[in-house]
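A.B. asks: Quick one: the structure is below, questions incoming.
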Ligand SMILES: NC(=O)c1ccc[n+]([C@@H]2O[C@H](COP(=O)([O-])OP(=O)(O)OC[C@H]3O[C@@H](n4cnc5c(N)ncnc54)[C@H](OP(=O)(O)O)[C@@H]3O)[C@@H](O)[C@H]2O)c1
């Protein structure tokens, strides 16, 4: 099965976007010149799985930023055509998390970047996330879209690394699961 990997930024109070999906509060941290490790992370992935909410933001990125094949999981979008220019690079699917990973595995993809708060939570529930890098932004948003949602039971994490940046970002890297 393909393994899932998370690389995401959250406000200190655990939000990845405002209620309306806006990520304007994140943008200035991309302009600091700091290397937050995204290029290194993405170089270790061979596919991307994102939720419809994340797609709704990503679809407006110009130019399209992803060199890897993108699988957008959505009941609503499944069966509809992808926008012009993204054919062959983006697919819509109503697969379950396990179904999506089985599909990617059958295609030879070993490691998938899983993006979107609801989707990450669904993949965690299904035991499909192997590692998570969460970058905490020094900001309280007070409300918005949460990174993590409800889980059926506690989920132990193994801390691997903490990095701090002059901008105030604090990046935490975990393996998912208890000590072997
Ligand atoms: N801070 C960051 O680094 C960062 C990173 C990524 C995204 N974002 C932002 O976060 C927002 C999106 O996150 P989000 O949590 O709202 O949405 P999301 O997880 O990206 O997408 C949720 C949607 O995915 C679909 N879906 C398909 N399978 C699912 C499953 N098994 N479980 C749950 N949903 C499933 C559902 O749409 P259907 O009803 O169509 O099935 C659901 O509404 C956007 O505003 C984006 O810009 C921020």
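A.B. asks: Can you pull out every residue in segment 47-62 that is at pLDDT 95 or above and more than 12 Å from the ligand (Cβ to nearest atom)?
C.D. replies: 47
A.B. asks: For residues in segment 100-114 being within 16 Å of the ligand (Cβ to nearest atom) and crowded, with 17+ Cβ neighbours inside 10 Å, which is nearest to the chain's Cα centre (by Cα)? Walk me through it before giving the result.
C.D. replies: Initially, segment 100-114 is screened for residues within 16 Å of the ligand (Cβ to nearest atom), giving 100-104, 112-114.
When the remaining residues are screened for being crowded, with 17+ Cβ neighbours inside 10 Å, the result is 100-101, 103-104, 112-114.
Numbers: 100: 15, 101: 14, 103: 18, 104: 16, 112: 9, 113: 6, 114: 4 Å.
Here the residue is 114.
A.B. asks: If you don't mind, another one. Could you tell me whether segment 110-122 includes any residue that is farther than 19 Å from residue 16 by Cβ, in contact with a strand residue (DSSP E or B) (Cβ under 9 Å, 6 or more places away or on another chain) and in contact (Cβ under 8 Å) with a residue 60 or more places away in the chain? Talk me through it step by step, then tell me what you get.
C.D. replies: Our first condition is that a residue be farther than 19 Å from residue 16 by Cβ; within segment 110-122, this holds for 110-111.
Among the residues that remain, those that are also in contact with a strand residue (DSSP E or B) (Cβ under 9 Å, 6 or more places away or on another chain) are: 110-111.
After this cut, where a residue has to be in contact (Cβ under 8 Å) with a residue 60 or more places away in the chain as well, the list is 110-111.
Checked segment 110-122: at least one residue is farther than 19 Å from residue 16 by Cβ, in contact with a strand residue (DSSP E or B) (Cβ under 9 Å, 6 or more places away or on another chain) and in contact (Cβ under 8 Å) with a residue 60 or more places away in the chain.
A.B. asks: Of all residues in segment 1-26 being in contact with a helix residue (DSSP H, G or I) (Cβ under 6 Å, 6 or more places away or on another chain) and buried (at least 16 other Cβ atoms within 10 Å of the Cβ), which is farthest from residue 162 (Cα to Cα)?
C.D. replies: 2
A.B. asks: May I ask you to list the residues in segment 27-40 that are surrounded by fewer than 17 Cβ atoms within 10 Å (Cβ to Cβ) and assigned to a helix (DSSP H, G or I)?
C.D. replies: Within segment 27-40, 27, 28, 30, 31, 38, 39, 40 qualify.
A.B. asks: Could you say whether any residue in segment 135-153 is more than 10 Å from the ligand (Cβ to nearest atom), free of Cβ contacts under 8 Å to residues at least 40 places away in the same chain and closer than 24 Å to residue 17 by Cβ?
C.D. replies: yes
A.B. asks: Given the conditions (1) modelled with pLDDT under 95; (2) in contact with a helix residue (DSSP H, G or I) (Cβ under 8 Å, 6 or more places away or on another chain), which single one is not true for residue 79?
C.D. replies: Going through the list (1) modelled with pLDDT under 95; (2) in contact with a helix residue (DSSP H, G or I) (Cβ under 8 Å, 6 or more places away or on another chain), residue 79 breaks only (2).
A.B. asks: Restricting to segment 73-99, give me the number of residues that are near the ligand (Cβ under 8 Å from one of its atoms) and not in a loop (DSSP other than H, G, I, E, B).
C.D. replies: 2
A.B. asks: Turning to a different aspect of this structure: Just to verify a result, which residue in segment 119-133, among those that are near the ligand (Cβ under 9 Å from one of its atoms) and within 13 Å of the chain's Cα centre (by Cα), is surrounded by the most Cβ atoms within 10 Å (Cβ to Cβ)?
C.D. replies: 120
A.B. asks: Within segment 19-35, track down each residue that is within 11 Å of the ligand (Cβ to nearest atom) and touching a residue at least 24 places away in the same chain (Cβ under 8 Å).
C.D. replies: Those that are within 11 Å of the ligand (Cβ to nearest atom) and touching a residue at least 24 places away in the same chain (Cβ under 8 Å): 19, 21, 23, 25, 26, 29.
The values are calculated or read from the model by the stated rules, or taken from the named source; none is laboratory data. Keep in mind that what you see is a predicted model, and the values were worked out from it rather than measured. Here Cβ is always computed from backbone atoms with ideal geometry, including for glycine, and neighbour counts include all displayed protein chains.
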